[in-house]
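Visitor: My structure is below; once you've seen it, I'll send some questions.
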Amino acid sequence: MVTSTSKASSSIPTATPPTGIELDHHASPLARAPLSKVNFSDSTSAHGSKSTLELVRAIVVFKACRLPFLVKHAEGLLNLSKKVLGSTVTNTLVKHTFFHHFCAGEDSVDMKPVIDMLGQNNIGPILDYAAENEGSQDDLTSGSKDEQGLFTQPPFNQPARVYDYKSECQCDRHVEVFKKCIRSVQDVAPTHGFAALKVTALGNPELLERMSTMIVEVKNLFSKFDEKGSGLISVEEFVRCYEHYFHIDDGKLTEIIEMLECDSSGMTDYISFSQMFTPYTLPSFTLKCKDVGPLALATPSDDEVVLMKKMSERLHALAEEAARSGTKLLVDAEHQKYQPAIDNLVLELQQKYNAKDQTKRPVIFNTYQCYLKDTPERIMTDLARSERFSFHFAVKLVRGAYMVHERGRAKRLNYPSPIHDTADSTHQCYNKAIEVLLRHRSQHGPGTEIMVATHNKESIEKAINLMSQLGLGPNDETVHFAQLYGMSDNLTFPLGNHGYNAFKYLPYGEVQEVVPYLLRRAQENSDVLGNAGTEISLLQEELRKRYLPA
């Protein structure tokens, strides 16, 4: 297992990004690019493939999503409807309105007409099983031994934990669901399809949070060893700091030093440091801590290590299935409290399934949320890591889907918000990330793949203009564009019709499973949906063209 970071960077030549490329999200040459020639305001290009009923439904749905009261109280209104009308009637109403607008169907058979329609417009599918698992105290509790759970006692007098078997069984079942999703992509889009997955569906969310804490504390340990703040530590610094924080058995220090990977000048960076201090190996170090601090308290029990390995095995099983079937796998970003663990697991998959000596194209894509302040450094560190370990770097760039949650949690727990303070800062970060990655792709060849996943027209125009400047054609197989199904058709359909690699994110699942996804999308995309005037205008214009010809 590898360990991700938001802070460290490498100056080792083989792992250094191209000269002159730095992810500083301030002024960008992209801002000076001319307007693209793709028309994103053509109602027929965007909505010509819809039936009249679909046009009317879309207008109704978008107008409903512009009502703040409805969006804010959607969950309560749904619960009230279930009490008054019953679950069957409520689910039927949801299915024929919001579900059909934002979701492709309940299963692969149900989705086929949607996928065929998209294919006719040169748009590929990204299948996304949309059931969400955020975890609860039912999954992980402190207390006494339960016959239905795995009782575990982490070291250093930490609270006892019970991981219930029901949660583990659900994760095993989700593996089969995701395998079906991967196979469905192969059936409907064998040459250019994606499958999306959420790691919280494959492991106990509380365990992911524990893993994330371990990874963050290892990063903090590196910062303590890095006394000069240079991002590099010498062997002498390592020995001095190690002796300060850990008890040392005879001969053990020499063995540990031999595990360090140093450059030609005898220096090591966080990437190498994290290869040694992994969640799996952490107990062997922390049991020698001189003081019980945050790192020691993050130490997993033996049982938790077993559960982490099971989670990794589930991900490897899905990556193996994707590699075998020729399907690309997009791993979604999730809550920040889980993200270090998710990044860690994805990097582990990328080193194996994106290895340049094993495949010409990447299989595993990680997702970076550009509303997070640490995203620039994470991208540069992981890009350096891909060069050092010779694997294809494949990234999906999004602005972010959990802003309300992240800011609320930061306020509640009294720590600095990880989210950019302004929308403009997020836009700048996103556009600069696109530029960095496209320039890296242009300079270093097709080893890097980028998915520009956004509903922001300006970002798309800047991306396709830079592609033109760099000599990357619309159909360059390493650059993809994606939007959510039911949103921004005025972007996706013109891109597809102009030969760009355009995709729609297609959530699917049974209605009752997908409702939490729909609620989250309504809340987290409230700004986009609340300003859906362009969408509504184009839909109304298409209706007028059909029934009020000039």
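The values are calculated or read from the model by the stated rules, or taken from the named source; none is laboratory data. Predicted model, so just to flag it, every value in this text is computed and none were measured. As a convention, Cβ positions derive from the backbone with ideal geometry for all residues, glycine included, and neighbour counts pool all protein chains shown. Protein only, heavy atoms only, side chains kept; ligands, DNA and RNA dropped before computing areas. Shrake-Rupley method; radii C 1.70, N 1.55, O 1.52, S 1.80 Å.
Visitor: Under unit Cβ charges (Lys, Arg +1; Asp, Glu -1), what dipole magnitude, rounded to 20 debye, does the stretch 250-390 have relative to its Cα centre?
Guide: It works out to roughly 440 debye.
Visitor: Report the dimensions of the stretch 435-511 along its three principal axes from the alpha-carbon atoms, largest first, rounded to Å.
Guide: 46, 23, 19
Visitor: Mind running the shape call on the stretch 335-468? Use the C-alpha gyration tensor, a ≥ b ≥ c as the square roots of the eigenvalues: rounded below 1.5 for a/c, prolate if a/b tops b/c, oblate otherwise. Spell out each step's value before the answer.
Guide: On the way: a/c = 2.48, a/b = 1.34, b/c = 1.85.
Oblate, since a/c reaches 1.5 and b/c is not below a/b.
Visitor: Is there a quick way to get the dipole size of the stretch 80-131? I mean about its Cα centre, with the Cβ of Lys and Arg at +1 and of Asp and Glu at -1; what is the value in debye to the nearest 20?
Guide: Approximately 320 debye in magnitude.
Visitor: How large is ³J(HN,Hα) for each residue in the stretch 463-472, as worked out from phi by the Karplus curve 6.51 cos²θ - 1.76 cosθ + 1.60 (θ = phi - 60°), to whole Hz, x for Gly and Pro?
Guide: Once θ is set to phi - 60°, the couplings for the stretch 463-472 become 5, 6, 5, 5, 4, 5, 4, 8, x, 9 Hz.
Visitor: Ok, one more. Would you calculate the volume per residue, in Å³, of the smallest convex hull containing every Cα atom of the stretch 366-442? Numbers along the way, then the final one.
Guide: On the way: hull volume 6.8 nm³, N = 77.
With only Cα atoms used, the stretch 366-442 gives 89 Å³ per residue.
Visitor: What does the accessible area per residue of the stretch 403-550 come to in Å², with a 1.4 Å probe and no ligands, DNA or RNA counted?
Guide: 40
Visitor: What are the GluC sites (Glu not before Pro) within the stretch 205-289 that DSSP puts in a loop, where the Cβ has at most 15 other Cβ atoms within 10 Å? Mind showing how you got there, number by number?
Guide: Details: sites: Glu206, Glu209, Glu217, Glu227, Glu236, Glu237, Glu243, Glu255, Glu258, Glu261; in loops: Glu227, Glu261.
Filter output for the stretch 205-289: Glu227, Glu261.
Visitor: Under 5 Å between amide H atoms, partner at least 5 residues away or on a different chain: which partners does Phe503 have, H built in plane at 1.01 Å?
Guide: Gly124, Phe481, Ala482, Gln483
Visitor: Taking +1 at the Cβ of each Lys and Arg and -1 at the Cβ of each Asp and Glu, which of Val452, Pro416, Leu437 sits farthest along the dipole of the stretch 399-494 towards its positive end, judged by Cα position relative to the Cα centre?
Guide: Toward the positive end, the furthest listed residue is Pro416.
Visitor: Return the sequence-ordered ³J(HN,Hα) values of the stretch 292-304 in whole Hz as given by the Karplus equation 6.51 cos²θ - 1.76 cosθ + 1.60 applied to θ = phi - 60°, using x for Gly and Pro.
Guide: Taking θ as phi minus 60°, the curve returns 8, x, x, 5, 4, 6, 7, 4, x, 6, 4, 5, 5 Hz for the stretch 292-304.
Visitor: Pairs Lys224/Lys432; Lys198/Lys352; Lys356/Lys396; Lys180/Lys504; Lys224/Lys356: which exceed 24 Å Cα-Cα? Before the final figure, lay out each step's value.
Guide: Numbers: Lys224/Lys432 31 Å; Lys198/Lys352 19 Å; Lys356/Lys396 19 Å; Lys180/Lys504 19 Å; Lys224/Lys356 34 Å.
Flagged as over cut-off: Lys224/Lys432; Lys224/Lys356.
Visitor: For the stretch 419-425, take each phi angle, set θ = phi - 60°, evaluate the Karplus expression 6.51 cos²θ - 1.76 cosθ + 1.60, and give the result in whole Hz per residue in order, putting x for glycine and proline.
Guide: After applying 6.51 cos²θ - 1.76 cosθ + 1.60, I find 8, 3, 6, 10, 5, 4, 5 Hz.
Visitor: Tell me which residues come under 5 Å, amide H to amide H, from Ala394 once H is placed; ignore anything under 5 positions away on its chain.
Guide: Placed amide hydrogens put Asn366, Glu449 under 5 Å from Ala394.
Visitor: For a test of the definition: using alpha carbon positions, the gyration tensor, and the 1.5 limit on a/c, classify the stretch 408-546 as rounded, prolate or oblate.
Guide: oblate
Visitor: If the cut-off is 17 Å between C-alpha atoms, which lysines fall inside it for Lys252, apart from same-chain ones fewer than 8 positions away?
Guide: Lys288, Lys290
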